[in-house]
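Each value in this text was obtained by applying a stated rule to the coordinates, not by laboratory testing. Just so you know, these numbers come straight off a predicted model, no measurement behind them. Don't worry about glycine lacking a Cβ; one is built from the backbone with ideal geometry, like all the others, and counts go over all protein chains shown.
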Amino acid sequence: MSLLVTNARILDPAQGLDSPGSLLVVDGTVAAVGPDAAKDPRAAGAETLDAGGKVLAPGFIDLHVHFREPGQGRKETIETGSKAAVAGGFTTVCAMPNTKPANDSVAITEMMLTRANKAGLCRYFPIGAVTKGLAGEELADFGTLKDAGCVAFSDDGLPVMNSEVMRRALEYTAWLKVPVVAHEEDKHLSGKGYMHEGAVSASLGCLGIPSAAEEAMVARDIVLAEHTGGHLHLAHISTAGSLRMIREAKARGLNVTCEVTPHHFALTDKELRRFDSDYKMNPPLRSEADLDAVLQAIADGTVDAIATDHAPHGWDDKEVELPIAAFGVIGLETAFPLTLALLVNTGVISLSKAISLLTWEPAKVFHLDEQGLGTLKPGSPADFTLLDLDAKIQVDRAFIQSKSYNTPFKGWELPGKVVGTWMGGTRVWG
Ligand SMILES: [Zn+2]
């Protein structure tokens, strides 16, 4: 079984590759890539596909999705989430453990992996809970969960409020060489808030979540990462102050990485003037100055990954008063078009850097590079996506493959169509 994709613009930041060329896949693995790949003797007799000059990149890697299974399959299943992933060009997703029950056991991890394999669309890596039942008190059994397939640990959706528990989590995971992914929110400071605390929340009379709720915890966990030597990965960072501390921590050589979401580089708290719960997520949309800081941090290398925090919710969770509506938005299908439109076409970063933030850099954060993911180096799994930078997409119900439709980008027209996606050399989208 071999496939030769010709006439592509091959873009693989891990190899510093951005040139016209071909990709040769043999038995699900990259056999050759680049300007001379078509001349490889193994290309003889291969099925061929003319890419028509489109961009061929490694399949994207999302460090942060919520696929809701087990427990809330009405919002998303592992199968429908996988479909949304490949439609967005993602061939690898890392799934948060705040399912019902939470993924704090080998049984749940194995059940998730079984369902992901059955769906067979993308690679699925579970993230195990930091604490049993996400209760914030007793540590989960990291060693057995890692052996079962967990690639990181997080109580995402909730912070680990107890500093001693967080300290031990960073110590134990340091031995296992896996990251702790922190959802940074001081619950006492965020209280009952449901949007960013600032001039807009004050003018609307809405309860706010101050930037300090995130920043106080980022500060604490950087201190604990330094103290323990553990790898701290900071999820969905949203404020200028957090990014300033992360930049400084990295400059001092600490084992700290971070991700940002497309909605935090696309939107601000002004959107809440619509009182539409599609703009309600946690952390909330922040101020213009915070958005500018996110762009700056993406440009200067402070940010390691673009992650979606894909968080599906049904209409019944969202079509209620803003204070009681669920937090969260979907994001897999819109991530690349938003990255192209708002980061690349505006000149914040190059296309190659954008692809890097969706492939090689996130791969390194969770050590998925050790499995050959996030690159098209020969010998790697043939996970790739074909992107038409000029074709426009329209965000409507038909475009979204997720079971849920809680996107703040309804009606948006954006450049950057995912024409096709392949996992292990098999076409899974397009
Ligand atoms: Zn979170």
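FRET efficiency for A251 and A202, Cβ-Cβ distance as r, R0 = 30 Å, nearest 0.05? After rounding to 0.05, the efficiency reads 0.30.
Rounded to the nearest 20 debye, the dipole magnitude of the chain is 560 debye, with +1 charges on Lys and Arg beta carbons, -1 on Asp and Glu beta carbons, and the Cα centre as origin. Using DSSP to call loops (not H, G, I, E or B), can you name the GluC sites (Glu not before Pro) in the stretch 137-181 whose Cβ has at most 16 other Cβ atoms within 10 angstrom? For GluC sites (Glu not before Pro) across the stretch 137-181 that sit outside H, G, I, E and B with at most 16 neighbouring Cβ atoms in 10 Å, the list reads E137, E138.
Once both labels are positioned 7 Å from their Cα atoms along Cα-to-Cβ, the gap between D27 and H367 label points is 2.7 nm. Evaluated on the stretch 153-212, the Kirkwood hydrodynamic radius is 13.2 Å, with distances taken between all distinct Cα atoms. By the count of neighbouring beta-carbon atoms within 10 Å, fewest first, F60, F336, F399 end up ordered F399, F336, F60. Mind grabbing the base-10 log of I(q)/I(0) for the stretch 91-230 at q = 0.18, 0.20, 0.22 Å⁻¹? Debye formula, identical points on the C-alpha positions, no solvent, two decimal places. Log10 I(q)/I(0), no solvent term: -0.97, -1.09, -1.21.
Over the stretch 232-355, the Kirkwood radius and the radius of gyration, each from Cα atoms, give a ratio Rg/Rh of 0.99.
Our analysis of the stretch 209-254 gives Rg over Rh at 0.95, with the two radii drawn from alpha carbon positions and Rh computed by the Kirkwood formula.
Taking the longest Cα principal axis of the chain as reference, the axis of helix 106-119 is set at about 40 degrees. The trypsin sites (Lys or Arg not before Pro) of the stretch 217-324 that DSSP puts in a loop, and whose beta carbon has at most 15 other beta carbons within 10 Å, are R252. Each of W175 and M1 was given a label point 7 Å from its Cα along the Cα-to-Cβ line. The distance between the two points is 4.1 nm. Using a cut-off of under 18 Å, list every residue of the stretch 271-292 whose amide N is near the label point 7 Å from the Cα of K410 along the Cα-to-beta-carbon line. What the label zone holds, given the 18 Å backbone N cut-off, is 271-281. Once the Cβ-Cβ distance of E321 and A391 is raised to the sixth power relative to R0 = 56 Å, the FRET efficiency obtained is 0.90. The per residue volume of the convex hull around the alpha-carbon atoms of the chain is 123 Å³.
With everything on Cα atoms, drop me the angle between helix 240-251 and the longest principal axis of the chain, reported from 0 to 90° to the nearest 10. The angle comes out at about 60 degrees. For the stretch 133-172, the square roots of the Cα gyration tensor eigenvalues, ordered a ≥ b ≥ c, give a/c of at least 1.5 with a/b greater than b/c, which places it in the prolate category.
Per-residue ellipticity at 222 nm computed for the chain from its helices equals -8000 deg cm²/dmol, with DSSP H segments shorter than 4 residues left out and the rest contributing -39,500 (n - 2.57). Taking Cα atoms only, the orientation of helix 163-176 departs from the longest principal axis of the chain by about 20 degrees. Compute the Cα gyration tensor for the stretch 379-425, then decide on rounded, prolate or oblate, letting a ≥ b ≥ c be the square roots of its eigenvalues: rounded whenever a/c is under 1.5, prolate when a/b is larger than b/c in the other cases, and oblate in all that remain. In terms of gyration-tensor shape, oblate.
Given the options L17, L387, L56, which has the most mean-square fluctuation in a GNM of the chain, springs set between C-alpha atoms less than 10 angstrom apart? Between L17, L387, L56, it is L17 that shows the largest mean-square fluctuation.
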